[in-house]
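What follows is a single structure, written as structure tokens, with notes after it.
Where a number appears in this text, it was derived from the coordinates with a stated rule and is not lab data. Predicted model, so just to flag it, every value in this text is computed and none were measured. Counting neighbours? That spans all protein chains shown, and the Cβs are built from the backbone with ideal geometry, glycine included.
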């Protein structure tokens, strides 16, 4: 397991050498294996032991699809061990005989499919978001981009020669497969993005927590009614001299973005939504208006099946429209 963890740290990394989400998932899966069968030799691990680890994941409250995914990751670990000649291939053959949990027959709870964000909730929550988070949410809402494709955006990746600005992120979900990704920014998205491009270098992240905090303080200062007392000015000067107690990173990540959105939704009194649900919302809107092929092109999918997965919630809208017009 130690050797496999070292392999993952060098294999599942992005272009900056940082571990990807896949590496983190595998580490969590191996943690269950270590907790239950750490002292067990590889040669003694068979189907009953694999089912025990799987049941432990079920008892932890994981849904069926996630349990099947992590069980497959365990088999992947043993496949690597066979490749490195650490265990006999017969061990892997036995583990492959364990079938995946079936829907409705395994007694394991099913995960609920991700639903598009409520557009009304999105609009009501926007005023309660920090400036950078508000801009990111608006761009995600308008383009259907993945959160990482906007959070990691730099001016050097942005083509502004035409009426439609086209960011070409160098780091995205399928970059390790050698696939290109382009996001298309129309007039509304350009208007949201333009103020954030002033005064930064080509390799700096556009949406920085530092800049967002500065803009938020500026907005609060402009909205201030009473003048500042001299004691306020002296206290602020002392804070600047001491420096910040907590340093922000140079860009938001998925966790910090999701936390900021949930907090804004709570303050607005609306149902919370996650960043990825904005992608589903845009896909459903595009499918209802332009069709499945447009969804595939805008979201950057290689196959219509994936575009259908993201925009399936538009079926009710399309069926209702057909009933009104032809039924």
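In nanometres, what is the gap between the two model label sites at residue 112 and residue 290, each 7 Å from Cα along Cα-to-Cβ?
Taking the two extended label points, one gets 3.0 nm.
Would you compute, for the Cα atoms of the range 2-96, the largest minus smallest coordinate along each principal axis and list the three values in descending order, in whole Å?
The Cα atoms of the range 2-96 stretch 40, 35, 22 Å along the principal axes, largest first.
Tell me, what is the FRET efficiency for residue 194 and residue 5 to the nearest 0.05, using R0 = 30 angstrom and their Cβ-Cβ distance as r?
Details: r = 44 Å, r/R0 = 1.48.
It comes out at approximately 0.10.
Simple spin-label model, 7 Å along Cα-to-Cβ: residue 123 to residue 44 in nm?
Label-label distance for residue 123 and residue 44, simple model: 6.5 nm.
Within the range 133-165, list the residues whose amide N lies under 12 Å from a label point set 7 Å along Cα→Cβ of residue 256.
So the set is 133, 151-152.
Go ahead and run the numbers for FRET between residue 65 and residue 24, Cβ-Cβ distance against an R0 of 30 Å, rounding to 0.05. Could you put the intermediate results ahead of the total?
Values: r = 18 Å, r/R0 = 0.59.
According to the calculation, E is roughly 0.95.
Set the Förster distance to 22 Å, then compute FRET efficiency between residue 79 and residue 52 from the Cβ-Cβ distance, nearest 0.05.
After rounding, the FRET efficiency stands at 0.65.
What full-extension length gain, to one decimal in nm, is calculated for residue 35 and residue 315 as 0.36 nm per residue of separation minus the Cα-Cα distance?
Numbers: separation 280, 0.36 × 280 = 100.80 nm, distance 4.49 nm.
Extra length available between residue 35 and residue 315 comes to 96.3 nm.
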